[in-house]
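The block underneath contains the structure these notes are about, expressed in structure tokens.
The values are calculated or read from the model by the stated rules, or taken from the named source; none is laboratory data. Predicted model only: the values in this text are computed from it and were never measured. Reconstructed Cβ throughout: ideal geometry from the backbone, glycine too, with neighbour counts over all protein chains shown.
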Amino acid sequence: MGYRPRGTMMGALIVLAVAACTQSRETVLKQIHGVQVTPVRAKPDFTLQSTDGKTFHFAHDTHDTATLLYFGYTNCPDACPDQLNKIASAYDKLTPAQKSKIRVVFVTTDPNRDTPERLRSWLDNFSKDFIGLRGGTDQVNRVQAEFGLPPAEIETMDDSTPGPHEMKYGVGHAAQVLAFTPDDSLRVEYPAGFTVADWSNDLPRLIEVR
């Protein structure tokens with residue numbers, strides 16, 4: 001009759017448990033419609049000001065949640081409202097328990113016009129739960145550079161556009177949403193073009209990736 005040391009048995013069980021967890025994570029990721037980020041990147045730590053005037057510590061304040069990070073501005077004519085509308089539509093269908101595990105963080109690339117009041121009011125059109133962050137242009141561009149995103153650029157508009165001359169500009173910015181899973185990893189991104197159905201499929205699954 002053979003003898004297997006207890007330590008060997010326990011080691012085998014641990015290996016099996018780790019393999020099961022890995023397989024489960026991979027299974028969930030295969031069901032996600034967003035673009036998988038390769039290699040997976042750790043969530044960076046940066047601080048910006050939230051619309052309530054408090055300092056928002058990105059890594060700490062979004063820990064253990066599925067976090068969507070998007071850079072844009074409130075005067076954006078197309079990409080920003082389109083992305084946030086679709087996310088909000090899917091988010092509204094979640095249970096309160098699921099919503100508590102998700103953070104949607106919008107960082108303005110136009111701090112000159114996007115005052116805290118303006119940014120909060122605009123985000124409330126999509127969801128009062130969405131978080132708005134501000135910082136100096138150079139500061140925000142440094143954060144974007146950490147993800148390999150291009151810096152925001154001022155785009156001059158035609159003088160026929162209504163409003164004061166100094167306010168007549170657009171802001172070129174990256175259009176993808178970055179998705180961090182509860183294990184503080186950047187695993188998925190969403191360029192323009194994803195639908196409400198895609199977000200409805202992915203939001204509950206992003207919560208499960210640990």
Filter result for the condition that a residue is surrounded by 15 or more Cβ atoms within 10 Å (Cβ to Cβ), β-branched (V, I, T) and in a loop (DSSP other than H, G, I, E, B), over T74, T67: T74
Conditions (1) over 15 Å from E189 (Cβ atoms); (2) in contact with a Pro (Cβ under 9 Å, 6 or more places away or on another chain): number failed by D82: (2)
Filter result for the condition that a residue is crowded, with 19+ Cβ neighbours inside 10 Å, outside any loop (DSSP other than H, G, I, E, B), in contact with a Phe, Trp or Tyr (Cβ under 6 Å, 6 or more places away or on another chain) and of a type outside the set (K, R), over V140, V107: V107
Qualifying position, being among the hydrophobic types (A, V, I, L, M, F, W, C), assigned to a loop (DSSP other than H, G, I, E, B), at pLDDT 95 or above and in contact with a Leu (Cβ under 9 Å, 6 or more places away or on another chain), among L48, L94: L94
In segment 110-125, the residues that are of a type outside the set (G, A, S) and modelled with pLDDT of 95 or more: D114, T115, P116, E117, R118, L119, R120, W122, L123, D124, N125
Scan of segment 28-70 for residues that are in contact with a helix residue (DSSP H, G or I) (Cβ under 6 Å, 6 or more places away or on another chain) and more than 18 Å from T195 (Cα to Cα), ordered by number: V28, K43, P44, D45, F46, T51, A66
